[in-house]
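Since the structure comes first, as structure tokens, the remarks are kept for the end.
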Amino acid sequence: MLSEGIDVSIKNSSLAPFPRISKHLFVVIFLALVQMLFFSFYGYMRHYNYLTSINDLGQFDQAVWGFLNGTPFLNSIYFDTRASWLCQHFNLILVSFVPFYVIHPTALWLVFAQAIALPLAAIPLFFLAKKIFKSENIACLWSIIYMCNPYVLNAASWDFQAVTLAVPLIVLGYYALEYKNFWLLLISCLFILLCKEHFGLLVVGFGLLWAIRYHKIKPALFLVLLGVTCFAIIVGVLMPMLSPTGDLLMMSSGKGQLSRYEWLGGSAGEVFFHIINNPIDIIRTILVTMQGWAYLFCLALPFLCFSLVEFWLLLPGLADFAVNLLSANPMPRSIYAYHSVTLVPVFLVSAMYGLLRCSKYCRKSFVLGVTLSCLSVSVILGYSLSSFYPLPGVFNSWSPTRIFPYHDPVLSEVKELVGTRSASVQANLGAHFSQRMEVYPFPKKIGQVDMIILNLESPTRNKQGHDPGMIGTLAHHLQLDPQIYLETVEELLSDNRYGVVLWKKPWLVLEKNVSHKKDVENIELWLQTLAIEWK
């Protein structure tokens with residue numbers, strides 16, 4: 001429960017004086033910096049070991065690069081024509097990267113931003129926990145619990161996702177709520193709105209918390225109206241208007257993994273009325289058929305379910321609850337995905353207040369005991385379920401073939417050869433070639449693009465399976481069944497529309513309207529070797 005007895009007007013509200021750096025705060029800052037450095041190194045390693053994807057980092061990179069070339073939020077990757085990234089995800093926060101791209105246009109800005117944002121949340125969390133428990137020792141432990149959370153660690157294993165930038169802002173929102181600082185809460189909410197299309201509902205949650213905690217209707221109503229208005233305009237007007245189909249892509253049929261909510265309706269209005277008219281059936285479907293109960297349990301487990309004691313503090317998480325639980329694609333509910341990372345601070349803060357309430361009926365050692373238990377569970381889960389290096393007992397879903405960044409001398413040669421021409425690029429190479437007007441994941445647009453760029457080598461040891469939806473597999477990195485991939489490459493070698501302009505194993509570059517068939521026999525022998533190895 002929130003600290004009681006605070007009744008300061010909005011005009012006179014202020015933050016507590018910034019304290020000197022105590023040894024506990026120093027520990028939190030030091031660990032956060034270490035985690036930032038590790039996440040930065042890991043992201044750099046993923047990018048240069050060809051583990052990043054055209055569908056993640058490549059799309060964000062092209063969207064920001066487009067600002068420098070007169071086409072803001074450019075996206076050609078998911079569509080057969082140039083379109084706006086905002087019709088897929090409304091991430092206005094990407095505008096903040098434009099000045100950095102002016103200095104030097106590289107996708108690594110995005111990688112490093114995510115690496116900084118996730119650990120950064122531990123610092124305001126320390127001050128919030130200190131205020132709640134009146135103990136720097138306990139506050140330090142809860143900050144470490146956050147940094148060890150498996151959802152946080154696995155979110156850092158993805159190339160870049162704009163939602164990760166909202167995590168420290170959500171913690172800051174709870175911090176402002178505790179100190180009754182409406183203006184800080186408002187500023188946090190305004191930046192949160194820039195991170196994802198449905199975060200207007202998250203802002204509504206903060207507005208409701210303000211009303212429940214302080215019984216101040218006007219500021220609470222302002223936040224609620226702000227959130228509802230932004231959500232309605234973005235989802236109901238702007239995204240359909242920008243979409244090539246005229247509809248919300250995730251509610252359209254035939255869009256693969258993007259068609260996550262078509263089972264509920266073809267528009268935001270249809271989804272809303274479907275949920276209102278059939279609540280029991282939908283709840284049964286998401287909790288039983290889609291195993292939503294297991295997803296909720298996994299979110300609460302690192303905090304020993306204390307989040308449910310003060311369940312009303314979960315209100316800002318309702319947006320992500322709805323988005324993840326209602327998705328027909330199970331990926332948003334996976335502990336190895338990034339979609340739930342914004343729910344971690346929501347569950348953690350709720351757990352701290354829940355523990356505070358329960359402590360009133362227990363011994364003084366109760367808080368420390370539960371905190372240490374939460375820390376133990378978080379460390380065990382964070383270690384064993386992380387997607388990082390092949391350490392003993394680690395799941396290591398990505399299973400990279402190289403542990404350290406590989407400086408490939410051929411990469412720069414390929415970039416110079418391809419220039420800015422249109423290209424169909426192997427999915428796990430796409431983030432290196434996304435700064436162009438037209439780039440598509442291989443084998444899209446064969447026959448239309450100028451260049452085809454391939455790297456006939458697996459970036460992962462996990463070569464089994466044919467489903468591109470299986471995270472970390474070779475099929476996932478290729479976004480294609482490996483067998484179909486090899487067959488398509490073999491067909492290209494006999495396609496008179498393209499000729500080989502570069503073959504430096506494993507790199508293969510083909511150009512349109514070139515008749516060169518050099519090295520074809522060597523390439524075919526290598527394809528046969530891969531067919532045996534990947535089988």
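The values are calculated or read from the model by the stated rules, or taken from the named source; none is laboratory data. As the structure is a prediction and not an experimental result, all values here were calculated from the model. Counting neighbours? That spans all protein chains shown, and the Cβs are built from the backbone with ideal geometry, glycine included. When the accessible area is computed, the model is the full protein with side chains, heavy atoms only, and any ligands, DNA or RNA have been set aside. Shrake-Rupley method; radii C 1.70, N 1.55, O 1.52, S 1.80 Å.
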| Whole-number accessible area per residue in Å² for the range 312-463, which is evaluated in the context of all protein chains at 1.4 Å | 37
| Under a 5 Å amide H to amide H cut-off, with H placed in plane at 1.01 Å, what residues pair with Leu74 once short-range neighbours are removed? | Gly66, Phe67, Trp85
| request: Could you tell me which of the pairs Lys218/Lys360; Lys445/Lys504; Lys444/Lys535 are separated by over 29 angstrom between their Cα atoms in the structure shown? | output: Lys218/Lys360
| query | Can you list the lysines whose alpha carbon sits under 17 Å from that of Lys216, skipping same-chain ones fewer than 8 residues off? | reply | Lys11, Lys180
| field | Per-peptide average of other Cβ atoms within 10 Å, ordering 523-529, 295-301, 334-340 highest first | value | 334-340, 295-301, 523-529
| request: State, as an integer percentage, the relative contact order of the chain based on alpha-carbon contacts under 8 Å between residues 6 or more apart. | output: 16
| query | Extension gain Leu525-His104, at 0.36 nm per residue separation less the Cα-Cα distance, in nm? | reply | 147.5 nm
| task | Please give, to one decimal in nm, the separation of the simple spin-label points placed at Val379 and Ser494, each 7 Å out from Cα toward the Cβ. | result | 6.1
| request: Give me the number: length gained by fully extending Phe311 to Leu225, i.e. 0.36 nm times residue separation minus the C-alpha to C-alpha distance, one decimal in nm. | output: 28.7 nm
| said: Hydropathy at least 0.0 by Kyte-Doolittle, axial extent at least 27 angstrom from the Cα trace: which helices of the chain, defined as entire DSSP H runs, fit? | reply: 23-48, 365-384
| message | I need the calculated FRET efficiency for the pair Leu391 and Leu68, taking r as the beta carbon distance and R₀ as 35 Å, to the nearest 0.05. | response | 0.30
| query | Using the Cα gyration tensor of the range 76-219, with a ≥ b ≥ c the square roots of its eigenvalues, what is the shape: rounded (a/c below 1.5), prolate (a/b larger than b/c) or oblate (neither)? | reply | oblate
| request: Decide, for the chain, between rounded, prolate and oblate: order the square roots of the alpha carbon gyration tensor eigenvalues as a ≥ b ≥ c, take rounded if a/c falls under 1.5, and otherwise choose prolate if a/b is larger than b/c, else oblate. | output: prolate
| note | For Lys444, other-chain or 5+-apart residues with amide H closer than 5 Å (H placed, Pro excluded) are none
| What Kirkwood radius, in Å to one decimal, follows from the Cα pairs of the range 220-359? | 16.6
| field | Over the chain: helical MRE at 222 nm, DSSP H runs n ≥ 4 each giving -39500 (n - 2.57), nearest 500 | value | -14500 deg cm²/dmol
| note | Here the range 92-97 yields Karplus 3J(HN,Hα) values (6.51, -1.76, 1.60; θ = phi - 60°; whole Hz; Gly and Pro given as x) of 5, 4, 5, 4, 5, 8
| request: Sticking with the crude label model, points 7 Å out along Cα→Cβ, report the distance from Asp467 to Phe30 in nm, one decimal please. | output: 4.5
| field | Cα gyration tensor category, rounded, prolate or oblate, for the range 395-486 with a/c compared to 1.5 | value | oblate
| When only C-alpha pairs under 8 Å and at least 6 residues apart count, what is the relative contact order of the range 288-378, in percent? | 38
| message | Take Glu413 and Phe273, extend 7 Å from each Cα along the Cα→Cβ direction, and tell me the distance between the two endpoints in nm. | response | 6.2
| query | How much of the accessible area of the chain, probe 1.4 Å, is carbon plus sulfur, in whole percent? | reply | 65
| query | Taking the mean number of other Cβ atoms within 10 Å as a proxy for protection, how do you rank 194-204, 362-372 from highest to lowest? | reply | 194-204, 362-372
